[in-house]
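Notes follow once the structure below has been shown.
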Amino acid sequence: MNQLEQFSILPYSHHAYGIESADSIREAIKLLVPFDECSYIFDRTYDSFKIDDAREVKQLQSEKTERASVFILEFSIINTEAQNALLKVLEEPTVNTYFILIFPNIRYL
């Protein structure tokens, strides 16, 4: 099994994943996520992930769903305020919520 194939089986073993990749692998991950087992998949690419984006994710993930909610977030840059807001969500996510963060360089975090 390659590393991305872990996203084909729910529930995932962790609620958050960070993937450092210079290439966009978002589409490859989306093909693996079992859509029929999800209430919804929030899939976005950002040049710069900002505080308003983090607030939107926080609000959406707080909605309780019967099936899994998967957030696939790809960004080039994330500012400090957005990192702090997203950290709160990652520390205490709603049950059955999973995050896949894709970024070009871990040093940006």
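The values are calculated or read from the model by the stated rules, or taken from the named source; none is laboratory data. This one's a predicted model, so the numbers in the text were calculated from it and none came from an experiment. Surface areas here come from the heavy atoms of the whole protein model, side chains and all, with no ligands, DNA or RNA. Shrake-Rupley method; radii C 1.70, N 1.55, O 1.52, S 1.80 Å.
Kirkwood hydrodynamic radius of the range 42-89 from all distinct Cα pairs, in Å? Present the calculation step by step, with values, prior to reporting the outcome.
Values: mean 1/r = 0.0900 Å⁻¹.
By the Kirkwood definition, the hydrodynamic radius is 11.1 Å.
Keeping every protein chain present and rolling a 1.4 Å probe, give me the accessible area per residue for the range 32-88 in Å².
Numbers: 3210 Å² over 57 residues.
On a per-residue basis, the range 32-88 sits at 56 Å².
What whole-number distance in Å separates the alpha-carbon centres of the range 45-93 and the range 9-23?
A separation of 14 Å, based on Cα centres.
Could you work out Rg/(2.2 N^0.38 Å) for the range 1-53, with Rg from alpha carbons only? Don't skip to the end; give the middle numbers.
Numbers: Rg = 12.3 Å, N = 53, 2.2 N^0.38 = 9.9 Å.
Relative to the rule-of-thumb radius for its length, the range 1-53 sits at 1.24.
Please report, as a whole percent, how much of the solvent-accessible surface of the chain comes from carbon and sulfur atoms (probe radius 1.4 Å). Please list the in-between numbers first.
Working: 3270 of 6530 Å².
So the carbon and sulfur contribution to the accessible surface is 50 percent.
With the alpha-carbon atoms as the only input, what is the per residue convex hull volume for the chain in Å³? Before the final figure, lay out the partial values.
On the way: hull volume 10.1 nm³, N = 109.
Per-residue hull volume (Cα only) is 93 Å³.
At 1.4 Å probe size, what's the solvent-accessible area of Ser21? Round to the nearest 10 Å².
Result for Ser21: roughly 20 Å² accessible.
Return a whole-number percent for the relative contact order of the chain, with Cα pairs under 8 Å and 6 or more residues apart as the contact set. Present the calculation step by step, with values, prior to reporting the outcome.
On the way: 179 pairs, mean separation 40.7, N = 109.
Relative contact order comes out at 37 percent.
Note the count of lysine pairs whose C-alpha atoms are less than 18 angstrom apart in the chain, limited to pairs 8 or more residues apart or on different chains.
Values: Lys50/Lys58; Lys50/Lys88; Lys58/Lys88; Lys64/Lys88.
Lysine pairs meeting the criterion: 4.
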